[in-house]
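Quick notes on the structure that follows.
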Amino acid sequence: MIVKTFGSCTYGIHAITITVEVSVEIGVNFYLVGLPDSAVKESQQRIASALGYYGYRIPGKRIIINMAPADIRKEGSAYDLTIAIGILAASGKVKADALGRFVIMGELSLDGKLKPVRGVLPITLEAKKQGFEGVLLPQSNASEAAVVDGIAVYGAQTIKEVVDFLNGTPMQPVRVDTQRLFTQAAYAGELDFSDVRGQENAKRALEIAAAGGHNVIMIGSPGSGKTMLAKRMPSILPPMTLEEALETTKIHSVSGKLPHDVPLMTSRPFRAPHHTISDVALVGGGSHPMPGEISLAHHGVLFLDELPEFKRSVLEVLRQPLEDRCVTVSRSKMSVEYPASFMFIAAMNPCPCGYYGHPDKKCACQPQRIQQYMHKISGPLLDRIDMHIFPYSIRQEELLGRKKGESSLQIRERVVKARKIQEARFKGIPGVYCNAQMGERLFRQYCDLDASGRQLLKHAMEKLGFSARAYNRILKVARTIADLDGQERILPQHLSEAVGYRNLDRENWGKEKP
Ligand SMILES: [Zn+2]
């Protein structure tokens, strides 16, 4: 007898339906064909043990299991349940007529319990697209899958429950209220900007960055609060839309990094990899391609602390995704694309000792050493950063005297208002949602200056010794400042504030007080 069960295989952040054909004939062998990897091949032992636990057994006959399409490599142990149910159906222990209605996935432990698998969000989306009535998954994966509307999601704890269900024992589908998840997220006690006392200039700069989607670098001495500020960025970025939440969740789902009590990521991710990270871990890849940190930060923030400490090669691989907002990972037989649209925040000390420009402590570095240190950040990478921010060091007693700052919610209201202006401006232009994403044509259209503005900028460029690459960055940031100000035109005050965020471009960095 031949039966068919259905599983699914993730490919990038999408899924492809896998058909598992099981044929039980006279004979005594077990064959598994259709490009399975070693973990799938080992499933025979796990299946035999799990079935034995419930008094079933693999029939002592010739069993052929064919997984299709054959040109896609099937990885891991997630097909244990798909195959086991196929074997039971082919030997008459499970009613075969129900099998065509479900995608069935799950890893088996030796005592027949179901262990979670990766990527159930894309798997469920694909099952729905293919017209399946439902998905049958390990209990701990069920709420993640149930985020998808319009398909029944069943969660089981053991293979026995799956067998009983397919043989007619009713089971309640798992439901998740996505609306409620969003409401909860809005009130979750996240890190808040009101915790940061002082630093009004840095906070203002980060508000501008959030409003226009600008990449920033923060330069400050140890203890100036760079990390504290960066960690609070997600709390002032606009709330996620359902579409964004699904995209980000998919990436975390296929990486197996989604916590089991978080069915949907409704807050923007904040990723802060250590400077020892490898190229592959940062941008994605590997022999079984996986998304990297930049994709896990999709629709959120990627924070690289102590930027000059990162390997040069790591910083180089970051450049292209910063431009394209996605990354393509190529392997001999496949090439997959992962989205990677994130806000980039970098932080570094102003010099090797950390105290260049500090009010109390003396910098021990030679000017030449400071310049070498700055040069570790390549020009092309710096080119993709719009704003340079300098959180200053404050004395502890001064900090205690200060009152609490504005809450993240208050700041976020202004950010959202400025983003609405940008949304209307870029309506109908694919891939452009905020000022930072403007290409050449949009830039010319929306960053136009009048005669006095041009004069002011020309003067600043010459007097402060800016490099040419600063010009567009200054104008884009000025555009955002004008949006926050509710002004259609970029006014002189917007320009001069934007000029203040380009200090690293000045030729005399390291030779004078910052
Ligand atoms: Zn120093």
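How compact and how long is region 185-426, expressed as Rg and Dmax of its alpha-carbon atoms in Å?
Using the Cα atoms of region 185-426, the pair Rg, Dmax is 18.6, 62 Å.
Return the long-range amide H neighbours of M265 (sequence gap of 5 or more, or a different chain), with a cut-off of under 5 Å between placed amide H atoms.
Amide H neighbours of M265: T249.
Using only the Cα atoms of region 2-166, what semi-axes does the equivalent ellipsoid have when each is the square root of 5 times a gyration tensor eigenvalue? Give whole Å, largest first.
23, 17, 14
When the helices in the chain are scored as -39500 (n - 2.57) per DSSP H run of 4 or longer and the sum is shared across all residues, what 222 nm value do you end up with, to the nearest 500 deg cm²/dmol?
About -11000 deg cm²/dmol.
Angle, helix 451-463 long axis vs. longest principal axis of the chain, Cα atoms, 0 to 90°, nearest 10?
For 451-463 against the chain, the angle is about 90 degrees.
Once you list every other residue whose beta carbon is under 11 Å from the beta carbon of A418, what net charge do they have if Lys and Arg are +1 and Asp and Glu are -1?
It works out to a net charge of +2.
About its Cα centre, how strong a charge dipole does the chain have in debye, to the nearest 20, once Lys and Arg get +1 and Asp and Glu get -1 at the Cβ?
The calculation lands at about 640 debye.
If packing is taken as the mean number of other Cβ atoms within 10 Å per residue, what is the order of 446-453, 99-106, highest first?
Those peptides, ordered most packed to least, come out 99-106, 446-453.
Can you give the three extents of the C-alpha atoms in region 195-247 along their principal axes, from longest to shortest, in whole Å?
39, 19, 17
Note the angle between two axes, namely the Cα long axis of helix 242-254 and the longest principal axis of the Cα atoms of the chain, as a number of degrees from 0 to 90, rounded to the nearest 10.
The helix 242-254 is inclined about 60 degrees to the chain.
Stretched out fully, how many nm does the piece from S49 to D177 gain, at 0.36 nm a residue minus the Cα gap?
Difference between extended and current length: 42.4 nm.
For the pairs K128/K427; K257/K362; K203/K463; K311/K362; K93/K128; K362/K463, flag any whose C-alpha to C-alpha distance is greater than 32 Å.
K257/K362
Indicate, rounded to the nearest 5 percent, the antiparallel portion of the DSSP beta bridges found entirely in the chain.
Bridges in the chain that DSSP calls antiparallel: roughly 50 percent.
Using the 10 angstrom Cβ neighbour count as an exposure proxy, how do T480, T82, T276 rank, fewest first?
Ranked by crowding around the Cβ, least crowded first: T276, T82, T480.
At 7 Å along the Cα-to-beta-carbon direction for both L464 and R57, put a label point, then send me their distance in nm to one decimal.
Each label point is offset 7 Å from its Cα along the Cβ direction, giving 8.2 nm.
Rounded to the nearest 10 degrees, what's the angle between the helix 312-324 long axis and the longest principal axis of the chain, both from Cα atoms, 0 to 90?
80
Checking the a/c ratio against 1.5 first, then a/b against b/c, what shape does the Cα gyration tensor give for the chain?
prolate
Between the alpha-carbon centers of region 94-131 and region 315-388, tell me the distance in whole angstrom.
Each part reduced to its Cα centre gives a spacing of 43 Å.
Using the alpha-carbon centroid of each, what span in Å lies between region 153-212 and region 243-260?
First find each Cα centre; the distance between them is then 10 Å.
No lab work stands behind these numbers, since they all come straight from the coordinates. Everything numeric here is computed off the predicted structure, so don't read it as measured data. So basically every Cβ, Gly included, is an ideal-geometry build from the backbone, and we count neighbours across all protein chains shown.
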